Amino acid sequence: MCIRDRSKRCVFPRFYFISDDELLSILASSGARSVHDHMLKMFDNSAQLVFKGASEAIVGVDSQESEHLVFDNAVNADKASVENWLNTVLTETKSTLRNILKAAVFYYPKMDRLDWLKKYHGMITLCGAKVWWTFQIEDAFANVKKGKKGAVKDLSAKLSMQLNELVSEMDKDIDRLYRKKVNTLIIVDVHGRDIVDRFVRDSVMDAREFDWESQLRFYWDKQPDTCILKQCTGTFEYGYEYMGLNGRLVITPLTDRCFMTLTQALTFYLGGAPGGPAGTGKTESVKDLAKAMSIQCVVFNCGEGLDYKAMWSIFSGLSQAGSWGCFDEFNRIELPVLSVVSEQLRSIQSALKANQSPFLFGDKEINLVSTVGIFITMNPGYAGRVELPDNLKALFRPVV
């Protein structure tokens, strides 16, 4: 059964993120509804599948907050093996979200902003608003070049007005989902407004200045016809993982610096290693960047019980799914295991640099999705923690 489980996991790599017992319970059940208990372990915020009546046709997904996403094309789970139709559900989720985002970006300037916010899903409104925020700033820079000196200042006033509109919405009697959407957009908009205010204060008037290059910028690129993100020298495709309404962190200058270090680490095919005392938001910052880029981020709590086989299994899942893994308290893993882990990570990073898929991982050839990211968090100076070996340290960019 173990060999068969592994082949199932190769077809749908997110099965690596659930235990053997949970996988067996899914495989042993006949109906498609049996996966509901395990959905949140395999998807970021797809809590439930939506079926068409009593049939096995899946027409959409619901998030934990009860936001609905209706698929463009229904997925028929009848007579299909569970790993195959789950793959189809994942593909259909991403393609539906891409189509919705494309429409949202197109209609943003043609509609009243609050009507636009009511019409589209939470993650779509955040990304669409950021795409237009990026465009408006670069447009203001272009206008400055043409001789309109107050263009950036005018944009700052416009962004403040948009923010006040959202704040006044919060005072009204509005439904729960819309309130959550407005609340999250306020967090993102405040950060956007503060950046433009800083540009006015520091006389930043060119798109090539580092102050602008170092921001996480969103573009709709017509050639691949998808949303891309840029920061410094890094370019990333938007991941279209369904996020529902799971909120965002308040973005401070420290969070900005942390994001910049992590995106640069990914650009050079390295891992990221936020360090600092317990409870300072190391893991949450990694998860928030994953939300911004719409990529699944799986958090693992490390302890003495983790051996190299368990780490091999986790890395296999992350590599084949293209997900991010955040390993909490990584320096609690025992030293002999860490030396094997450094070799495992080195083979993944070498394959990424060589753009090699499939690649040999351990004794097995597996596929590699280039969006994979490995992040570790450490609490230095606590009892029971080991110092990382130098060959492992070299694979991570420190964030302190």
Tell me, what is the per residue accessible area of the chain in Å², probe radius 1.4 Å? 46
Given the chain, what percent of its DSSP beta bridges are antiparallel, to the nearest 5? 60
Using the basic label-point model (7 angstrom from Cα toward the beta carbon), what is the D37 to R201 distance in nanometres? 5.4
Could you list the chymotrypsin sites (Phe, Trp or Tyr not before Pro) in the range 345-387 that lie in coil according to DSSP, counting only those with at most 14 other Cβ atoms within 10 Å of their Cβ? Y382
Expressed as a whole percent, how much of the Cα-Cα distance distribution for the chain exceeds 42 Å? 16
Quick one: pull the percent of accessible area on the range 72-184 belonging to carbon and sulfur, 1.4 Å probe, ligands and nucleic acids left out. 53
From the Cα gyration tensor of the range 45-204, with a ≥ b ≥ c the square roots of its eigenvalues, which class applies: rounded if a/c is under 1.5, or else prolate if a/b is larger than b/c, or else oblate? prolate
At 24 angstrom or more along the helix axis (alpha-carbon based) and mean Kyte-Doolittle of 0.5 or higher, what helices does the chain contain? Whole DSSP H runs only. 335-353
Taking the mean number of other Cβ atoms within 10 Å as a proxy for protection, how do you rank 344-354, 38-48 from highest to lowest? 38-48, 344-354
Counting only protein heavy atoms with a 1.4 Å probe and every protein chain in place, the carbon and sulfur fraction of the accessible surface of the range 221-358 in whole percent equals 54
Describe numerically, in nm with one decimal, the distance between label points set 7 Å from Cα along Cα→Cβ at E213 and at S160. 3.0
Nearest-20 debye value, the range 254-370 charge dipole, Cβ charges on Lys, Arg, Asp, Glu: 280
Peptide ranges 164-174, 390-400, 53-63 listed from the most packed, as the mean C-beta count within 10 angstrom indicates: 53-63, 390-400, 164-174
Given only helices, namely DSSP H runs of n ≥ 4 each adding -39500 (n - 2.57), what is the per-residue ellipticity at 222 nm of the chain, to the nearest 500 deg cm²/dmol? -15500 deg cm²/dmol
Tell me the label-point distance for the pair E365, K148, using the 7 Å Cα-to-Cβ offset, in nm and rounded to one decimal. 5.7
Of K291/K353; K149/K222; K130/K158, pairs whose Cα-Cα distance is over 21 Å: K291/K353; K149/K222
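The values are calculated or read from the model by the stated rules, or taken from the named source; none is laboratory data. Treat the numbers as computed from the prediction; the structure is a model and nothing was measured. Please note: Cβ atoms are built from the backbone with ideal geometry, for glycine as well, and neighbour counts cover all protein chains shown. We work out accessible area using only protein heavy atoms, side chains counted, and drop any ligands, DNA or RNA first. Shrake-Rupley method; radii C 1.70, N 1.55, O 1.52, S 1.80 Å.
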